[in-house]
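Written below as C-alpha coordinates is the structure these notes are about.
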Amino acid sequence: MQPKKLKRTFERDKQTNMVEVFNLWTLILSLIVVKLYHWIYQWNNPKCKGKLPPGSMGFPIIGKTFEFMKPHDAIQLPTFVKEKVHRYGPVFRTSLFGAKVIISTDSGLNIEMAKTNHMPGMPKSLARLFGENNLFVQSKDSHKHVRSVTTQLLGSQGLKLRMMQDIDILTLTHMEVGARNGGLDVKETVSKILIECLAKKVMGEMEPEAAKELTLCWSHFPKGWFRISWNIPGNGVYRMMKAKKQMINILKEMVLKKRASGEELGEFFKTLLGEMEGGEEKISVESAIEFIFIFFLIANEATPSVLAATVKLISDNPKVMQELKREHERIVRDKSEKEKKTGLTWEDYKSMTFTQMVINESLRITSTAPTVLRIIDHEFQFGEYTIPAGWIFMGFPSVHFNPEKYDDPLAFNPWRWKEKDLTAIVSKTYIPFGAGSRLCLGADFAKLIMASFIHHLCRYRWSMKTETTVLRRFILTFPGGSDIQISQETEVENSAG
Ligand code: HEM
(Lines give C-alpha, C1' and ligand atoms only; values in the text may rest on other atoms or scores of the structure.)
Protein backbone atom coordinates (compact mmCIF):
# COMPACT_ATOMS: atom_id res chain seq x y z
CA MET A 1 0.00 0.00 0.00
CA GLN A 2 1.19 3.54 -0.77
CA PRO A 3 2.36 5.53 2.25
CA LYS A 4 -0.29 8.26 1.63
CA LYS A 5 -3.10 5.72 1.54
CA LEU A 6 -1.68 4.00 4.59
CA LYS A 7 -1.65 7.28 6.47
CA ARG A 8 -5.31 7.98 5.45
CA THR A 9 -6.38 4.51 6.61
CA PHE A 10 -4.47 4.99 9.83
CA GLU A 11 -6.15 8.38 10.39
CA ARG A 12 -9.59 6.90 9.65
CA ASP A 13 -8.98 4.06 12.13
CA LYS A 14 -7.77 6.56 14.67
CA GLN A 15 -10.92 8.65 14.19
CA THR A 16 -13.13 5.55 14.46
CA ASN A 17 -11.30 4.58 17.65
CA MET A 18 -11.75 8.06 19.07
CA VAL A 19 -15.47 7.97 18.24
CA GLU A 20 -15.73 4.59 19.95
CA VAL A 21 -13.84 5.83 23.02
CA PHE A 22 -16.02 8.95 23.02
CA ASN A 23 -19.16 6.82 22.77
CA LEU A 24 -17.93 4.58 25.54
CA TRP A 25 -17.23 7.55 27.81
CA THR A 26 -20.61 9.08 26.92
CA LEU A 27 -22.24 5.80 27.89
CA ILE A 28 -20.26 5.57 31.17
CA LEU A 29 -21.03 9.20 32.02
CA SER A 30 -24.72 8.74 31.14
CA LEU A 31 -24.84 5.66 33.36
CA ILE A 32 -23.16 7.60 36.18
CA VAL A 33 -25.61 10.51 35.70
CA VAL A 34 -28.60 8.13 35.64
CA LYS A 35 -27.28 6.31 38.74
CA LEU A 36 -26.61 9.64 40.48
CA TYR A 37 -30.03 10.92 39.54
CA HIS A 38 -31.58 7.70 40.79
CA TRP A 39 -29.56 7.94 44.04
CA ILE A 40 -30.57 11.59 44.56
CA TYR A 41 -34.18 10.71 43.74
CA GLN A 42 -34.10 7.82 46.23
CA TRP A 43 -32.39 10.04 48.81
CA ASN A 44 -35.15 12.60 48.50
CA ASN A 45 -37.93 10.03 48.30
CA PRO A 46 -36.99 7.32 50.79
CA LYS A 47 -38.87 4.05 50.57
CA CYS A 48 -41.74 3.69 52.99
CA LYS A 49 -44.74 1.37 53.07
CA GLY A 50 -47.09 4.23 53.89
CA LYS A 51 -46.98 7.99 53.49
CA LEU A 52 -43.91 9.64 55.00
CA PRO A 53 -44.30 12.91 56.89
CA PRO A 54 -43.60 15.87 54.56
CA GLY A 55 -40.15 17.45 54.43
CA SER A 56 -36.93 17.65 52.49
CA MET A 57 -33.86 15.45 52.76
CA GLY A 58 -31.43 18.06 51.37
CA PHE A 59 -28.20 17.05 49.61
CA PRO A 60 -27.17 13.41 49.77
CA ILE A 61 -25.16 12.59 52.93
CA ILE A 62 -24.91 16.21 54.12
CA GLY A 63 -28.69 16.53 54.20
CA LYS A 64 -29.76 19.61 56.14
CA THR A 65 -26.99 19.36 58.73
CA PHE A 66 -25.47 22.80 58.12
CA GLU A 67 -28.85 24.54 58.24
CA PHE A 68 -29.75 22.62 61.41
CA MET A 69 -26.45 23.41 63.10
CA LYS A 70 -26.64 27.19 62.60
CA PRO A 71 -26.23 28.80 66.06
CA HIS A 72 -29.42 30.30 67.45
CA ASP A 73 -30.66 32.12 70.54
CA ALA A 74 -30.53 29.53 73.34
CA ILE A 75 -34.00 30.29 74.64
CA GLN A 76 -35.78 29.92 71.31
CA LEU A 77 -36.39 26.77 69.33
CA PRO A 78 -33.97 26.56 66.35
CA THR A 79 -34.95 28.72 63.38
CA PHE A 80 -34.62 25.57 61.26
CA VAL A 81 -37.32 23.82 63.30
CA LYS A 82 -39.60 26.86 63.44
CA GLU A 83 -39.40 27.37 59.66
CA LYS A 84 -40.02 23.72 58.85
CA VAL A 85 -42.95 23.48 61.28
CA HIS A 86 -44.41 26.56 59.60
CA ARG A 87 -44.02 24.91 56.19
CA TYR A 88 -44.76 21.24 56.89
CA GLY A 89 -46.56 21.05 60.23
CA PRO A 90 -45.48 19.65 63.64
CA VAL A 91 -43.91 16.45 62.29
CA PHE A 92 -41.54 16.44 59.32
CA ARG A 93 -38.74 14.39 57.77
CA THR A 94 -35.19 15.49 57.05
CA SER A 95 -31.62 14.21 57.02
CA LEU A 96 -28.98 15.18 59.61
CA PHE A 97 -25.45 13.92 60.33
CA GLY A 98 -25.81 11.44 57.45
CA ALA A 99 -28.93 9.81 58.94
CA LYS A 100 -32.64 9.88 58.07
CA VAL A 101 -34.48 11.79 60.76
CA ILE A 102 -38.08 12.43 61.82
CA ILE A 103 -38.42 15.67 63.78
CA SER A 104 -41.46 16.07 65.97
CA THR A 105 -42.76 19.03 67.93
CA ASP A 106 -45.97 17.18 68.80
CA SER A 107 -45.97 16.53 72.55
CA GLY A 108 -48.30 13.49 72.32
CA LEU A 109 -46.10 11.83 69.70
CA ASN A 110 -42.92 12.67 71.65
CA ILE A 111 -44.18 10.95 74.79
CA GLU A 112 -45.54 7.99 72.81
CA MET A 113 -42.21 7.48 71.02
CA ALA A 114 -40.28 7.86 74.30
CA LYS A 115 -42.41 5.14 75.88
CA THR A 116 -42.56 2.66 73.02
CA ASN A 117 -39.03 2.85 71.59
CA HIS A 118 -36.01 1.72 73.50
CA MET A 119 -32.82 2.38 71.53
CA PRO A 120 -31.25 5.80 72.03
CA GLY A 121 -31.08 7.71 68.75
CA MET A 122 -27.76 9.27 67.91
CA PRO A 123 -25.65 10.16 64.90
CA LYS A 124 -22.89 7.71 63.95
CA SER A 125 -20.11 9.90 65.42
CA LEU A 126 -21.76 9.60 68.80
CA ALA A 127 -22.63 5.92 68.42
CA ARG A 128 -18.97 5.28 67.60
CA LEU A 129 -17.93 7.17 70.70
CA PHE A 130 -20.29 5.14 72.83
CA GLY A 131 -19.14 1.89 71.23
CA GLU A 132 -21.40 -0.93 70.10
CA ASN A 133 -20.99 -2.96 73.27
CA ASN A 134 -21.86 -0.28 75.76
CA LEU A 135 -24.19 -1.39 78.51
CA PHE A 136 -26.72 1.32 77.65
CA VAL A 137 -27.57 -0.40 74.37
CA GLN A 138 -26.17 -3.93 74.61
CA SER A 139 -29.38 -5.53 75.86
CA LYS A 140 -32.50 -4.62 77.80
CA ASP A 141 -31.11 -6.54 80.80
CA SER A 142 -27.77 -4.75 80.91
CA HIS A 143 -29.59 -1.44 80.50
CA LYS A 144 -31.89 -2.34 83.39
CA HIS A 145 -28.90 -3.31 85.54
CA VAL A 146 -26.99 -0.06 84.93
CA ARG A 147 -30.15 1.99 85.48
CA SER A 148 -30.76 0.28 88.80
CA VAL A 149 -27.11 0.73 89.94
CA THR A 150 -27.12 4.40 88.90
CA THR A 151 -30.41 5.01 90.69
CA GLN A 152 -28.87 3.68 93.93
CA LEU A 153 -26.24 6.40 93.68
CA LEU A 154 -28.32 9.21 92.22
CA GLY A 155 -31.85 8.56 93.50
CA SER A 156 -33.06 10.81 96.32
CA GLN A 157 -31.84 8.45 99.09
CA GLY A 158 -28.40 8.16 97.47
CA LEU A 159 -28.18 11.91 97.05
CA LYS A 160 -29.27 12.58 100.61
CA LEU A 161 -26.97 10.03 102.23
CA ARG A 162 -23.98 9.86 99.92
CA MET A 163 -23.73 12.95 97.74
CA MET A 164 -25.19 15.97 99.52
CA GLN A 165 -22.17 16.68 101.70
CA ASP A 166 -19.59 16.19 98.94
CA ILE A 167 -21.47 18.49 96.57
CA ASP A 168 -21.75 21.15 99.27
CA ILE A 169 -18.07 21.05 100.25
CA LEU A 170 -16.85 21.00 96.64
CA THR A 171 -19.10 23.90 95.64
CA LEU A 172 -18.12 25.92 98.70
CA THR A 173 -14.41 25.33 98.03
CA HIS A 174 -14.58 26.25 94.34
CA MET A 175 -16.65 29.34 95.12
CA GLU A 176 -14.14 30.49 97.74
CA VAL A 177 -11.27 30.04 95.30
CA GLY A 178 -13.29 32.02 92.71
CA ALA A 179 -13.95 34.80 95.20
CA ARG A 180 -10.24 35.01 96.07
CA ASN A 181 -9.41 35.25 92.35
CA GLY A 182 -12.13 37.84 91.68
CA GLY A 183 -14.28 35.50 89.60
CA LEU A 184 -14.72 32.14 87.89
CA ASP A 185 -16.03 30.55 84.71
CA VAL A 186 -19.36 28.94 85.65
CA LYS A 187 -19.32 26.19 83.04
CA GLU A 188 -15.75 25.14 83.79
CA THR A 189 -16.26 25.26 87.55
CA VAL A 190 -19.46 23.21 87.48
CA SER A 191 -17.78 20.66 85.25
CA LYS A 192 -14.96 20.31 87.81
CA ILE A 193 -17.40 19.98 90.72
CA LEU A 194 -19.38 17.34 88.88
CA ILE A 195 -16.44 15.22 87.77
CA GLU A 196 -14.64 15.45 91.12
CA CYS A 197 -17.80 14.47 92.93
CA LEU A 198 -18.67 11.54 90.64
CA ALA A 199 -15.08 10.32 90.22
CA LYS A 200 -14.70 9.85 93.96
CA LYS A 201 -17.94 7.89 94.25
CA VAL A 202 -17.30 5.82 91.16
CA MET A 203 -13.58 5.12 91.29
CA GLY A 204 -12.72 5.69 94.94
CA GLU A 205 -9.75 7.91 95.77
CA MET A 206 -7.77 8.87 92.68
CA GLU A 207 -4.11 9.77 92.24
CA PRO A 208 -3.88 13.50 91.41
CA GLU A 209 -1.87 12.78 88.23
CA ALA A 210 -4.57 10.42 86.89
CA ALA A 211 -7.30 12.91 87.78
CA LYS A 212 -5.42 15.65 85.89
CA GLU A 213 -4.96 13.45 82.83
CA LEU A 214 -8.64 12.50 82.85
CA THR A 215 -9.68 16.16 82.94
CA LEU A 216 -7.37 16.87 80.01
CA CYS A 217 -8.97 14.14 77.88
CA TRP A 218 -12.31 15.65 78.75
CA SER A 219 -11.55 18.88 76.94
CA HIS A 220 -11.79 17.07 73.57
CA PHE A 221 -15.36 15.93 73.97
CA PRO A 222 -18.05 18.58 74.02
CA LYS A 223 -16.87 20.21 70.80
CA GLY A 224 -16.73 16.95 68.91
CA TRP A 225 -20.02 15.33 69.81
CA PHE A 226 -22.44 16.06 67.06
CA ARG A 227 -20.90 16.07 63.65
CA ILE A 228 -20.77 14.05 60.49
CA SER A 229 -19.17 10.79 61.30
CA TRP A 230 -15.98 10.49 59.23
CA ASN A 231 -13.01 9.59 61.35
CA ILE A 232 -10.14 11.33 59.49
CA PRO A 233 -6.75 11.92 61.19
CA GLY A 234 -6.70 15.42 62.60
CA ASN A 235 -10.46 16.07 62.60
CA GLY A 236 -12.79 16.39 65.61
CA VAL A 237 -14.11 12.82 65.51
CA TYR A 238 -10.53 11.51 65.32
CA ARG A 239 -9.42 13.58 68.35
CA MET A 240 -12.53 12.51 70.21
CA MET A 241 -11.86 8.81 69.58
CA LYS A 242 -8.21 9.23 70.60
CA ALA A 243 -9.28 10.91 73.84
CA LYS A 244 -11.77 8.10 74.49
CA LYS A 245 -9.03 5.47 74.09
CA GLN A 246 -6.73 7.40 76.38
CA MET A 247 -9.41 7.82 79.02
CA ILE A 248 -10.42 4.17 78.96
CA ASN A 249 -6.73 3.22 79.39
CA ILE A 250 -6.35 5.55 82.38
CA LEU A 251 -9.49 4.15 84.00
CA LYS A 252 -8.47 0.57 83.30
CA GLU A 253 -4.98 1.07 84.70
CA MET A 254 -6.46 2.62 87.82
CA VAL A 255 -8.89 -0.26 88.37
CA LEU A 256 -6.25 -2.95 87.81
CA LYS A 257 -3.79 -1.21 90.16
CA LYS A 258 -6.43 -0.90 92.87
CA ARG A 259 -7.46 -4.50 92.53
CA ALA A 260 -3.86 -5.71 92.64
CA SER A 261 -3.09 -3.72 95.79
CA GLY A 262 -6.40 -4.55 97.44
CA GLU A 263 -7.28 -0.84 97.55
CA GLU A 264 -11.00 0.13 97.65
CA LEU A 265 -12.80 0.91 94.43
CA GLY A 266 -15.67 3.38 94.60
CA GLU A 267 -18.90 1.84 95.87
CA PHE A 268 -20.62 2.59 92.56
CA PHE A 269 -18.02 0.57 90.67
CA LYS A 270 -18.33 -2.30 93.11
CA THR A 271 -22.11 -2.38 92.82
CA LEU A 272 -21.84 -2.21 89.05
CA LEU A 273 -19.64 -5.30 89.07
CA GLY A 274 -22.00 -7.04 91.46
CA GLU A 275 -19.33 -7.39 94.15
CA MET A 276 -21.44 -5.78 96.81
CA GLU A 277 -24.12 -8.43 96.65
CA GLY A 278 -21.39 -10.98 97.23
CA GLY A 279 -22.41 -12.83 94.08
CA GLU A 280 -20.64 -13.46 90.82
CA GLU A 281 -19.60 -10.47 88.78
CA LYS A 282 -22.54 -9.46 86.61
CA ILE A 283 -20.44 -7.71 83.99
CA SER A 284 -16.82 -7.63 82.90
CA VAL A 285 -14.39 -4.96 84.10
CA GLU A 286 -14.04 -3.80 80.47
CA SER A 287 -17.79 -3.28 80.10
CA ALA A 288 -17.94 -1.53 83.47
CA ILE A 289 -15.16 0.86 82.43
CA GLU A 290 -16.89 1.59 79.10
CA PHE A 291 -20.08 2.30 81.02
CA ILE A 292 -18.31 4.63 83.44
CA PHE A 293 -16.73 6.50 80.56
CA ILE A 294 -20.15 7.00 78.92
CA PHE A 295 -21.73 7.88 82.23
CA PHE A 296 -19.13 10.63 82.87
CA LEU A 297 -19.59 11.87 79.34
CA ILE A 298 -23.39 12.14 79.64
CA ALA A 299 -23.17 13.59 83.16
CA ASN A 300 -20.84 16.34 82.02
CA GLU A 301 -22.75 17.20 78.87
CA ALA A 302 -25.73 19.29 79.96
CA THR A 303 -25.41 20.36 83.63
CA PRO A 304 -22.47 22.82 83.36
CA SER A 305 -23.98 24.66 80.41
CA VAL A 306 -27.56 24.64 81.75
CA LEU A 307 -26.29 26.04 85.04
CA ALA A 308 -24.22 28.71 83.27
CA ALA A 309 -27.34 29.68 81.27
CA THR A 310 -29.33 29.78 84.54
CA VAL A 311 -26.79 32.15 86.10
CA LYS A 312 -27.11 34.37 83.02
CA LEU A 313 -30.93 34.36 83.33
CA ILE A 314 -30.68 35.27 87.04
CA SER A 315 -28.18 38.01 86.32
CA ASP A 316 -30.50 39.51 83.68
CA ASN A 317 -33.46 39.51 86.11
CA PRO A 318 -32.71 41.60 89.24
CA LYS A 319 -36.05 40.70 90.86
CA VAL A 320 -35.19 37.00 90.65
CA MET A 321 -31.71 37.67 92.02
CA GLN A 322 -33.16 39.59 94.96
CA GLU A 323 -35.67 36.87 95.81
CA LEU A 324 -32.93 34.23 95.68
CA LYS A 325 -30.72 36.26 98.00
CA ARG A 326 -33.60 36.56 100.44
CA GLU A 327 -34.16 32.78 100.40
CA HIS A 328 -30.51 31.87 100.94
CA GLU A 329 -29.96 34.53 103.60
CA ARG A 330 -32.88 33.01 105.45
CA ILE A 331 -31.40 29.51 105.25
CA VAL A 332 -28.07 30.70 106.69
CA ARG A 333 -29.71 32.96 109.30
CA ASP A 334 -31.95 30.18 110.63
CA LYS A 335 -29.01 27.88 111.37
CA SER A 336 -27.44 27.62 114.78
CA GLU A 337 -23.62 28.00 115.03
CA LYS A 338 -23.36 24.21 115.35
CA GLU A 339 -25.56 23.62 112.31
CA LYS A 340 -23.50 26.07 110.26
CA LYS A 341 -20.48 23.83 110.76
CA THR A 342 -22.23 20.81 109.23
CA GLY A 343 -22.93 22.68 106.01
CA LEU A 344 -25.99 22.45 103.80
CA THR A 345 -28.45 19.71 104.80
CA TRP A 346 -31.12 17.85 102.87
CA GLU A 347 -33.74 19.81 104.80
CA ASP A 348 -32.09 23.09 103.73
CA TYR A 349 -32.21 21.89 100.15
CA LYS A 350 -35.87 20.93 100.43
CA SER A 351 -36.66 24.38 101.86
CA MET A 352 -35.24 26.20 98.79
CA THR A 353 -38.66 26.62 97.19
CA PHE A 354 -37.88 29.67 95.10
CA THR A 355 -34.53 28.23 93.97
CA GLN A 356 -36.36 25.12 92.74
CA MET A 357 -38.80 27.36 90.88
CA VAL A 358 -35.85 29.13 89.21
CA ILE A 359 -34.27 25.80 88.25
CA ASN A 360 -37.53 24.42 86.81
CA GLU A 361 -38.09 27.60 84.83
CA SER A 362 -34.54 27.64 83.52
CA LEU A 363 -34.80 23.99 82.44
CA ARG A 364 -38.08 24.78 80.67
CA ILE A 365 -36.79 27.77 78.77
CA THR A 366 -33.36 26.37 77.84
CA SER A 367 -34.83 23.09 76.51
CA THR A 368 -34.45 24.09 72.89
CA ALA A 369 -32.83 20.86 71.69
CA PRO A 370 -34.52 17.47 71.23
CA THR A 371 -34.98 15.75 74.59
CA VAL A 372 -36.40 12.51 73.20
CA LEU A 373 -33.88 10.83 70.93
CA ARG A 374 -34.61 7.31 69.73
CA ILE A 375 -33.98 4.92 66.89
CA ILE A 376 -37.48 4.05 65.77
CA ASP A 377 -37.72 0.29 66.31
CA HIS A 378 -41.12 -0.33 64.75
CA GLU A 379 -43.25 1.40 62.17
CA PHE A 380 -45.77 3.76 63.72
CA GLN A 381 -48.86 5.42 62.31
CA PHE A 382 -49.31 9.09 63.20
CA GLY A 383 -52.53 10.33 61.59
CA GLU A 384 -52.13 9.94 57.83
CA TYR A 385 -48.32 9.60 58.16
CA THR A 386 -46.14 6.56 58.66
CA ILE A 387 -43.17 7.01 60.98
CA PRO A 388 -40.75 4.48 59.49
CA ALA A 389 -38.66 1.98 61.47
CA GLY A 390 -34.88 2.46 61.45
CA TRP A 391 -34.97 6.25 61.28
CA ILE A 392 -33.79 8.55 64.09
CA PHE A 393 -36.56 10.25 66.02
CA MET A 394 -35.91 13.71 67.51
CA GLY A 395 -38.63 15.03 69.80
CA PHE A 396 -38.37 18.75 70.54
CA PRO A 397 -40.09 19.90 73.76
CA SER A 398 -41.97 22.67 71.98
CA VAL A 399 -44.76 22.17 74.55
CA HIS A 400 -42.49 24.28 76.82
CA PHE A 401 -43.20 27.20 74.49
CA ASN A 402 -46.91 26.61 74.01
CA PRO A 403 -48.80 29.75 75.21
CA GLU A 404 -51.79 27.58 76.16
CA LYS A 405 -49.62 25.70 78.66
CA TYR A 406 -47.25 28.48 79.71
CA ASP A 407 -48.49 32.04 79.69
CA ASP A 408 -46.04 34.38 77.86
CA PRO A 409 -43.76 31.36 77.27
CA LEU A 410 -40.64 33.27 76.19
CA ALA A 411 -40.52 35.19 79.48
CA PHE A 412 -38.25 33.87 82.24
CA ASN A 413 -40.77 33.82 85.06
CA PRO A 414 -39.97 31.45 87.99
CA TRP A 415 -43.16 32.57 89.78
CA ARG A 416 -45.21 30.57 87.25
CA TRP A 417 -44.11 27.47 89.24
CA LYS A 418 -45.71 28.66 92.48
CA GLU A 419 -47.85 25.96 94.11
CA LYS A 420 -46.75 23.42 91.47
CA ASP A 421 -45.10 20.08 92.22
CA LEU A 422 -41.44 21.08 92.13
CA THR A 423 -40.10 17.54 92.50
CA ALA A 424 -41.63 16.21 89.25
CA ILE A 425 -38.96 15.81 86.58
CA VAL A 426 -41.39 14.78 83.83
CA SER A 427 -45.02 15.48 82.91
CA LYS A 428 -47.09 15.86 79.75
CA THR A 429 -46.07 19.52 79.55
CA TYR A 430 -42.53 19.29 80.91
CA ILE A 431 -39.83 17.07 79.39
CA PRO A 432 -36.39 18.69 79.88
CA PHE A 433 -35.02 15.29 81.00
CA GLY A 434 -36.79 13.22 78.33
CA ALA A 435 -39.33 10.51 79.15
CA GLY A 436 -39.97 6.78 79.08
CA SER A 437 -37.35 4.08 79.54
CA ARG A 438 -34.50 6.48 78.80
CA LEU A 439 -35.58 9.22 81.20
CA CYS A 440 -32.48 11.03 82.49
CA LEU A 441 -30.86 9.25 85.41
CA GLY A 442 -29.09 12.34 86.70
CA ALA A 443 -32.05 14.74 86.87
CA ASP A 444 -32.22 15.00 90.68
CA PHE A 445 -28.44 15.09 90.95
CA ALA A 446 -28.26 17.91 88.38
CA LYS A 447 -30.95 19.87 90.24
CA LEU A 448 -29.08 19.42 93.52
CA ILE A 449 -25.80 20.66 92.01
CA MET A 450 -27.64 23.66 90.56
CA ALA A 451 -29.27 24.52 93.89
CA SER A 452 -26.01 24.13 95.81
CA PHE A 453 -24.19 26.37 93.32
CA ILE A 454 -26.89 29.05 93.53
CA HIS A 455 -26.84 28.83 97.33
CA HIS A 456 -23.09 29.46 97.61
CA LEU A 457 -23.13 32.08 94.85
CA CYS A 458 -25.82 34.07 96.65
CA ARG A 459 -23.50 34.48 99.62
CA TYR A 460 -21.35 36.81 97.51
CA ARG A 461 -21.80 39.98 95.56
CA TRP A 462 -21.52 38.78 92.00
CA SER A 463 -22.28 39.86 88.46
CA MET A 464 -22.11 38.44 84.97
CA LYS A 465 -21.05 40.62 82.04
CA THR A 466 -24.15 41.94 80.25
CA GLU A 467 -22.55 41.04 76.92
CA THR A 468 -22.34 37.33 77.84
CA THR A 469 -24.28 35.47 75.18
CA VAL A 470 -25.79 32.02 75.33
CA LEU A 471 -26.31 30.34 71.98
CA ARG A 472 -27.34 26.87 70.99
CA ARG A 473 -25.66 24.83 68.29
CA PHE A 474 -27.41 21.63 69.24
CA ILE A 475 -25.55 21.99 72.56
CA LEU A 476 -25.47 25.24 74.56
CA THR A 477 -22.44 27.39 73.75
CA PHE A 478 -20.96 30.52 75.32
CA PRO A 479 -18.91 32.28 72.63
CA GLY A 480 -17.44 34.76 75.12
CA GLY A 481 -17.17 32.29 78.02
CA SER A 482 -19.40 32.18 81.10
CA ASP A 483 -17.33 34.28 83.52
CA ILE A 484 -18.77 35.86 86.61
CA GLN A 485 -17.11 38.46 88.79
CA ILE A 486 -17.27 37.67 92.50
CA SER A 487 -16.33 40.08 95.24
CA GLN A 488 -14.69 38.73 98.43
CA GLU A 489 -17.26 40.58 100.48
CA THR A 490 -19.93 38.01 101.34
CA GLU A 491 -23.60 38.89 101.32
CA VAL A 492 -24.36 36.53 104.16
CA GLU A 493 -22.26 34.50 106.52
CA ASN A 494 -20.66 31.32 105.30
CA SER A 495 -23.26 28.60 105.66
CA ALA A 496 -20.72 25.81 106.00
CA GLY A 497 -18.84 27.43 108.84
C1 HEM B 1 -29.45 19.85 83.49
C2 HEM B 1 -28.86 18.71 83.30
C3 HEM B 1 -29.33 17.55 82.48
C4 HEM B 1 -30.25 17.50 81.47
C5 HEM B 1 -31.06 18.67 80.89
C6 HEM B 1 -30.33 16.12 81.02
C7 HEM B 1 -31.16 15.68 80.02
C8 HEM B 1 -31.20 14.37 79.58
C9 HEM B 1 -32.00 13.91 78.47
C10 HEM B 1 -32.92 14.79 77.64
C11 HEM B 1 -31.79 12.57 78.34
C12 HEM B 1 -32.38 11.66 77.27
C13 HEM B 1 -33.72 11.14 77.68
C14 HEM B 1 -34.47 10.47 76.56
O15 HEM B 1 -33.92 10.21 75.47
O16 HEM B 1 -35.65 10.19 76.77
C17 HEM B 1 -30.84 12.18 79.36
C18 HEM B 1 -30.39 10.88 79.53
C19 HEM B 1 -29.48 10.54 80.49
N20 HEM B 1 -28.92 11.36 81.45
FE21 HEM B 1 -29.25 13.33 81.68
N22 HEM B 1 -29.46 15.37 81.77
C23 HEM B 1 -28.84 16.19 82.66
C24 HEM B 1 -27.89 15.82 83.60
C25 HEM B 1 -27.45 14.55 83.82
C26 HEM B 1 -26.48 14.16 84.83
C27 HEM B 1 -25.81 15.13 85.82
C28 HEM B 1 -26.32 12.82 84.72
C29 HEM B 1 -25.46 11.88 85.53
C30 HEM B 1 -24.88 12.15 86.63
C31 HEM B 1 -27.18 12.36 83.66
C32 HEM B 1 -27.28 11.06 83.25
C33 HEM B 1 -28.06 10.62 82.22
C34 HEM B 1 -28.05 9.25 81.74
C35 HEM B 1 -27.20 8.12 82.30
C36 HEM B 1 -28.94 9.20 80.66
C37 HEM B 1 -29.26 7.98 79.80
C38 HEM B 1 -30.39 7.21 80.42
C39 HEM B 1 -30.69 5.93 79.66
O40 HEM B 1 -30.34 5.81 78.50
O41 HEM B 1 -31.28 5.05 80.28
N42 HEM B 1 -27.85 13.43 83.13
N43 HEM B 1 -30.50 13.29 80.10
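The values are calculated or read from the model by the stated rules, or taken from the named source; none is laboratory data. Quick caveat: nothing in here was measured; it's all calculated off a predicted structure. Because the Cβ atoms are built from the backbone with ideal geometry, glycine has one as well, and the counts that use them run over all protein chains shown. Ligands, DNA and RNA are excluded from the accessible area calculation, which covers all protein heavy atoms including side chains. Shrake-Rupley method; radii C 1.70, N 1.55, O 1.52, S 1.80 Å.
Hey, what's the range 289-436 come to in accessible area per residue, 1.4 Å probe, Å²?
41
I need the calculated FRET efficiency for the pair Thr151 and Ala424, taking r as the beta carbon distance and R₀ as 22 Å, to the nearest 0.05.
Using R0 = 22 Å, I get an efficiency of 0.85.
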Exercise. Which of the pairs Lys212/Lys244; Lys84/Lys187; Lys160/Lys187; Lys312/Lys447; Lys270/Lys447 have their Cα atoms more than 21 Å apart in this structure?
Worked result: Lys84/Lys187; Lys160/Lys187; Lys270/Lys447
For this session: Return the sequence-ordered ³J(HN,Hα) values of the range 185-193 in whole Hz as given by the Karplus equation 6.51 cos²θ - 1.76 cosθ + 1.60 applied to θ = phi - 60°, using x for Gly and Pro.
Result: 8, 4, 4, 5, 5, 5, 4, 5, 4
For this session: At 0.36 nm per residue, minus the direct Cα-Cα distance, what do Asn235 and Arg12 gain on full extension? Give it in nm, one decimal, please.
Result: 74.9 nm
For this session: Go through the range 201-212 residue by residue and turn each phi into a ³J(HN,Hα) via Karplus (6.51, -1.76, 1.60, θ = phi - 60°); whole Hz please, and just put x for glycine and proline.
Result: 6, 7, 9, x, 5, 10, 5, x, 4, 5, 4, 5
For this session: Pop out the carbon and sulfur fraction of the accessible area of the chain as a percent, whole number, probe 1.4 Å.
Result: 56
For this session: Search the structure for amide H atoms under 5 Å from the amide H of Ser482, placed 1.01 Å from N in the peptide plane, and list their residues when 5 or more places away or on another chain.
Result: Val186, Lys187
For this session: Take the alpha-carbon centre of the range 70-105, take the same for the range 423-437, and report the distance between them in whole Å.
Result: 21
Seminar exercise, completed: Non-local residues with an amide H under 5 Å from the amide H of Met119, with H modelled 1.01 Å from N and Pro and chain starts lacking one, are Ile375
For this session: Any aspartates and glutamates with Cα under 17 Å of the Lys47 Cα? List them, leaving off those in the same chain fewer than 8 positions away.
Result: Asp377, Glu379, Glu384
Problem set entry | Projected area, mean over directions - the chain, Cα convex hull, nm² | 33.9
Exercise. How much length is gained if the chain between Glu347 and His378 is pulled fully straight, taking 0.36 nm per residue apart and subtracting their Cα-Cα distance, in nm to one decimal?
Worked result: 6.6 nm
Problem set entry | Centroid-to-centroid separation of the range 335-351 and the range 401-417 [C-alpha atoms, Å] | 33
Exercise. What list of ³J(HN,Hα) values in whole Hz, one per residue of the range 134-142 in order, does the Karplus curve 6.51 cos²θ - 1.76 cosθ + 1.60 (θ = phi - 60°) give from phi, with Gly and Pro shown as x?
Worked result: 6, 5, 6, 10, 3, 7, 4, 5, 5
